[in-house]
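Throughout, read-outs are computed from the coordinates displayed, never taken from laboratory work. Worth saying up front: this structure is predicted, and the values here are computed from it rather than measured. Quick reminder, even Gly has a Cβ in these numbers, built from the backbone with ideal geometry, and neighbours come from all protein chains shown.
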Amino acid sequence: MRIAVAGATGNIGTLTAAALQRDGHEVVGISRSLGVDLTTGEGLDDVLAGVDAVVDATNSTAADPAETVAYFGAVTRNLLAAEERAGVGHHVLLSIVGVDRIEGNAHYAGKREQERLVAAGPVPWTIVPATQFHDFAAMVASWTERDGVATIAPLLVQPIAPADVAAVLAEIATGRPQGRYRDVAGPEPQDLVDMARRTDQARGRTVKLVPTWSGIFSPETAGNVLLPGPDARIMPTTFDQWLAEQR
């Protein structure tokens, strides 16, 4: 198959492209560095010619909800319109477990807009909700770290290896559209503060972590909110296995 990956130079996009290529598929990369501007649609018609499916693994680092919704909305509208013109038969969107249960987070607001547009759009689709990645804790702590001290929310998560997410996306992209797919998660729940501490230790870093709800994650994300549903697809790579690769 000829499969396009939007966000092809990002973490998940790179891994998804590699997984597809290993299985013998032709991969078309979509990103600004590859000459395609998803926010304007420039270059999309050319790269989507002859494409069977599109995997959307795009990301946004904007902290403002309106800005994030506008970005994801523009990207998704442009992708879907170009896919319809090209006759693409399957749009696969990477989303987040619990996206409908959290209101105050800018990134979640943007992902909800993506999901809304895809579900109402003209291209047959599959939405894949995944839990946070194994490197999520260290990334969150890095956002607030100053002089060896970082604040971090005491979230309960069930993290998944990025390579496992990519494997699921590659598998689904080569099959039929399934609508909303079941949650995809790693094998065991973890405390985000402990994850960040252990990641820093594995990487030889010393950071004092201060648990708090005063940052971007509010108490509405506490408890089981970010955990997968009972019918989740559980992928094999544990946090400990991923951590061993960080040393």
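Note on the chain: GNM, Cα springs under 10 Å; of 197, 32, 146, the largest mean-square fluctuation is that of 146.
Distant-in-sequence amide contacts of residue 184, defined by a placed amide H-H separation under 5 Å and a gap of 5 or more residues or a different chain, comprise 130, 131, 233.
Considering the dipole of the range 120-247 built from charges on the beta carbon (Lys and Arg +1, Asp and Glu -1) around the Cα centre, which of 189, 153, 140 is farthest to its positive end? With unit charges placed on the Cβ atoms, the residue in question is 140.
For the range 146-193, the gyration tensor built on C-alpha atoms gives a prolate shape. Its axis ratio a/c (a ≥ b ≥ c) is at least 1.5, and a/b is the larger of a/b and b/c. Amide hydrogen proximity for residue 158: with H placed 1.01 Å from N in the peptide plane, the residues at 5 or more positions away or on another chain lying under 5 Å are 132, 190. Annotation: amide H-H contacts under 5 Å for residue 49 (H modelled 1.01 Å from N, sequence separation of 5 or more, or interchain): none.
Working note: Karplus 6.51/-1.76/1.60 with θ = phi - 60° gives the range 101-109 the couplings 9, 10, 9, x, 9, 4, 5, 5, 4 Hz, where Gly and Pro are set to x. Packing, taken as the mean count of other beta carbons within 10 Å per residue, orders the peptides 107-113, 117-123 from highest to lowest as 107-113, 117-123. Each peptide in 152-160, 185-193 gets a packing score, the mean of other Cβ atoms within 10 Å over its residues, and the list from highest to lowest is 152-160, 185-193.
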